[in-house]
1. Of GLN44, GLN13, GLN81, which is the most mobile in a GNM of the chain whose springs link Cα atoms less than 10 angstrom apart?
2. Using a 1.4 angstrom probe, figure out how much accessible area the chain has per residue, in square angstrom, rounded to the nearest whole.
3. With all protein chains present and a 1.4 Å probe, how do ARG45, ARG30 order by accessible area, largest first?
4. Going from most exposed to least, what order do THR52, THR28 have by accessible area with a 1.4 Å probe?
5. Figure the gain on full extension for GLN13 and LYS75 (residue separation times 0.36 nm, minus the Cα-Cα span) and round it to one decimal in nm.
6. Sort THR57, THR108, THR62 by heavy-atom solvent-accessible area, probe 1.4 angstrom, most to least.
7. Roughly how big is the chain's charge dipole about its Cα centre, with Cβ charges of +1 (Lys, Arg) and -1 (Asp, Glu), in debye to the nearest 20?
8. Rg/Rh for the chain to two decimals, with Rh computed the Kirkwood way over all alpha-carbon pairs.
Amino acid sequence: QVQLVESGGGLVQTGGSLRLSCAASGGTFRLNVMGWYRQAPGKQRELVATITASGITNYAETLKGRFTISRDNAKNTVYLQMNSLKPGDTAVYYCNTNPAYLAWGQGTQVTVSS
């Protein structure tokens, strides 16, 4: 059973940056399209960005230019670099395949203060 462990969240001020990591244990990580998702309080989980096995990326329209997804298949890890953070980015961030079919990890909390 593949397990996903997210890390790197925290409290930052508006305009700050964070780099999230998601480590996947086992499975055929390198073959999967991976995605970062987020869930803000009282809202549904939404897809933030995806990256294919070969590195082709896609982003939610409103996040283009601020977030960058990348992956290291040798380390079974996917990253999310977040710049120019806004209070609206406050959420718990998760990674999963896209479409999501693995058990969700615990996520990592990102809080952006104004």
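1. Answer for the Gaussian network model of the chain: GLN44.
2. Computed with neighbouring chains in place, this is 52 Å² per residue.
3. ARG30, ARG45
4. THR28, THR52
5. On the way: separation 62, 0.36 × 62 = 22.32 nm, distance 3.02 nm.
Roughly 19.3 nm would be gained on extension.
6. Final ranking, largest accessible area leading: THR62, THR57, THR108.
7. Dipole of the chain, to the nearest 20 debye: 80 debye.
8. 0.94
The values are calculated or read from the model by the stated rules, or taken from the named source; none is laboratory data. All values derive from a computational prediction rather than experimental measurement. Reconstructed Cβ throughout: ideal geometry from the backbone, glycine too, with neighbour counts over all protein chains shown. Please note that ligands, DNA and RNA were not included when accessible areas were found on the heavy atoms of the full protein model with its side chains. Shrake-Rupley method; radii C 1.70, N 1.55, O 1.52, S 1.80 Å.
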